[in-house]
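Following: one structure in structure tokens, then a few remarks.
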Amino acid sequence: MAGGHCCWLGPAGVRRILAGCRANHSRPGASLKREYDAVVIGAGHNGLVAAAYLQKGGLKTVVLERRYIVGGAAVTEEIIPGFHFSRASYLLSLLRPQIYAELELKKHGLKVLLRDPYSFTPVLEDCRGGKAPCSLLLGNSMAETQNQIAQFSLKDAQAFPKYEMFMGHLVAAIDPLLDICPMDVAALTQGSLHQRFRALKGLQALFRAGFALGKQLPQYYEVLTAPISKILDFWFESEPLKATLATDAVIGAMAGPHTPGSGYVLLHHVMGELEGHKGAWGYVSGGMGALSRALARAATTLGAEIFTDKAVAQILLSSDKKVQGVCLQDGTEVKSRLVLSNASPHHTFLELTPQEHLPLEFIQRISQFDTHSPVTKINVAVDRLPSFLAVSNTTNSDPLPHHQCSIHLNCENIHTLHQAFEDACNGRPSRRPMIEMCIPSVLDPTLAPSGCHVISLFTQYTPYLLDEGKQWDHHDREDYTNRGTANCI
């Protein structure tokens, strides 16, 4: 799932809490006990999945959520009256298929809205020798996609199916690695003979992936380590196609198209699956909060308990550094020998855990872990669909196929993406920010009043701190909001 990035709203964004949202997801009348087998801090989607599996495994589990609502980054909130926004994460794909099946998420209300076509890039610049602005539309029909690419390059249109097959082979080989425990490098190098043997067994899946890739392993290794610009230059020549594909290699990351390793980020974005469709990304009916509610229902049906408005202040440890439970901000102590944290590493280890119980080297490493995001998410309520110069709206303003897509703005060429990244590296917001626009209400009209829509603008790059360490102020935010929304008109 995409999400977990910095999120702030324009001046019109007035937060409104819906009546009834504060109801706990546990069984009616449930009250917080003083002892559980397992405590999960935070009801983000990962915490809810963990709670469901812990409970399914026989451990009496409780989830304690600081906010009034479950979901973390995957929430739906009525920020503006009548308009329901997926505030942070906004598309679904990377939730593992076995979680769908094993937690019976469909039975608990999860409905996915697939998109076809799925990608739209309007090209404002004069790309065809004096002709009108054009666009690139990518969908599940390979023939139609090739026709779209052929506007810019016949060679690229012929190469695209081979590129898709190449990436699909790599995904098929690596996908099983996502479901195994990470290799214990310390045990492999410093552990006992038994520990080293167990660590070596963990390498079997890695060896299988290598064998599956065969003689093309060097080329696939380059995808994982090289800049995405180098990978795409090998396959294609047309800038709109390369820039469109490159967005999935840099989105959400403080990296540019020429940054080594950005190729892996692209691979990560084609590794998802929806309803059996490999690489598909889709909307959730009811917004991303509907996913979190389905996970919460799955967990509570299994017997887990979930409580909102329960902020954890500290993880309790014994004198011999063993977990004993948690202490809430109101002073309530909940005992448990197992505590999982869905909070960030910084918050978990630098704020919730007593520092005297942690090794100094570990604290330093966590402190140096950079979680700053280059993304500003802007949520917008509109009374009509945007009309693009490349594909104008119809007279009755009905949604067109491209309105359901991920719409890539300021993505005409790789150089534009690189310039946007360079701006942020120099401490200023991108002058032409890369924008991924989504309009989920096109497929899910329940999110907005009739004739109106909710729009998600996932924009980058915005440095966490401005030049010379300056904090963002109201003027800076307004200026960037106006710049980002102006690019969408």
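The values are calculated or read from the model by the stated rules, or taken from the named source; none is laboratory data. In this text, all values refer to a predicted model and were calculated from it rather than measured experimentally. Note: ideal-geometry Cβ built from the backbone for every residue, glycine included; neighbour counts use all protein chains shown.
For this structure, a couple of remarks:
Listed here are the residues, each with its yes/no results for (1) in contact (Cβ under 8 Å) with a residue 40 or more places away in the chain; (2) buried (at least 16 other Cβ atoms within 10 Å of the Cβ); (3) polar (S, T, N, Q).
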{"position": "Leu105", "(1), (2), (3)": "yes, yes, no"}
{"position": "His108", "(1), (2), (3)": "yes, yes, no"}
{"position": "Cys134", "(1), (2), (3)": "yes, yes, no"}
{"position": "Gln148", "(1), (2), (3)": "no, yes, yes"}
{"position": "Phe152", "(1), (2), (3)": "yes, yes, no"}
{"position": "Gly168", "(1), (2), (3)": "yes, no, no"}
{"position": "Ile180", "(1), (2), (3)": "no, no, no"}
{"position": "Ser192", "(1), (2), (3)": "no, no, yes"}
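- Only one of the listed residues (Ala311, Ala280, Ala294) is in contact with a strand residue (DSSP E or B) (Cβ under 7 Å, 6 or more places away or on another chain) and buried (at least 16 other Cβ atoms within 10 Å of the Cβ). That residue is Ala280.
- When region 314-323 is limited to residues that are surrounded by 15 or more Cβ atoms within 10 Å (Cβ to Cβ) and out of contact with any His (no Cβ under 7 Å at 6 or more places or on another chain), the one that is farthest from Glu65 (Cα to Cα) turns out to be Val323.
- Failed item in (1) surrounded by fewer than 22 Cβ atoms within 10 Å (Cβ to Cβ); (2) at pLDDT 95 or above; (3) in contact with a strand residue (DSSP E or B) (Cβ under 9 Å, 6 or more places away or on another chain); (4) more than 18 Å from Lys60 (Cβ to Cβ), with Glu333 passing the rest: (4)
- Scope region 349-394; condition of a type outside the set (Ser, Thr, Tyr), more than 27 Å from Tyr461 (Cβ to Cβ) and without any contact (Cβ under 8 Å) to a residue 12 or more places away in the chain; matching residues: Glu351, Gln355, Glu356, Leu358, Pro359, Leu360, Glu361, Gln364, Asn393
- Any hit, region 242-253, residues being in a helix (DSSP H, G or I) and in contact with a Lys or Arg (Cβ under 8 Å, 6 or more places away or on another chain): no
- Filter result for the condition that a residue is at pLDDT below 95, basic (Lys, Arg) and more than 17 Å from Cys411 (Cα to Cα), over Lys107, Lys155, Lys131, Lys162: Lys131
- Some residue of region 280-299 being more than 25 Å from the chain's Cα centre (by Cα) and under 30 Å from Phe421 (Cβ atoms): no
- Of everything listed in (1) under 22 Å from the mean Cα position of the chain (by Cα); (2) farther than 30 Å from Leu457 by Cβ; (3) among the hydroxyl-bearing types (Ser, Thr, Tyr), the single unmet condition for Ser192 is (1).
- Scanning region 50-68 for residues that are surrounded by 21 or more Cβ atoms within 10 Å (Cβ to Cβ) and either over 13 Å from Asn342 (Cβ atoms) or not polar (S, T, N, Q) (or both) yields a count of 9.
- Per-region count, region 375-389, residues at pLDDT 90 or above and more than 26 Å from Phe83 (Cα to Cα): 0
- Test: residue in region 260-271 that is closer than 27 Å to Glu351 by Cα, of a type in the set (Gly, Ala, Ser) and part of a loop (DSSP other than H, G, I, E, B): no
- Answer from Ala313, Ala343 - the residue that is under 24 Å from Gly42 (Cα atoms) and in contact with a Cys (Cβ under 7 Å, 6 or more places away or on another chain): Ala313
- Listed by first and then second residue, the pairs linking a residue in region 39-65 that is in a strand (DSSP E or B) to a residue that is hydroxyl-bearing (Ser, Thr, Tyr), with Cβ atoms under 7 Å apart and 6 or more places separating them unless they lie on different chains, are Val39/Ser336; Val40/Thr61; Ile41/Ser341; Thr61/Tyr36; Val62/Tyr36.
- Among the candidates Ala172, Ala101, residue that is without any contact (Cβ under 8 Å) to a residue 60 or more places away in the chain, of a type in the set (A, V, I, L, M, F, W, C), surrounded by fewer than 18 Cβ atoms within 10 Å (Cβ to Cβ) and within 30 Å of Gly214 (Cα to Cα): Ala172
- Residue among Ala424, Ala420, Ala448 that is small (Gly, Ala, Ser), farther than 17 Å from Phe83 by Cα and touching a strand residue (DSSP E or B) at 6+ places or on another chain (Cβ under 7 Å): Ala420
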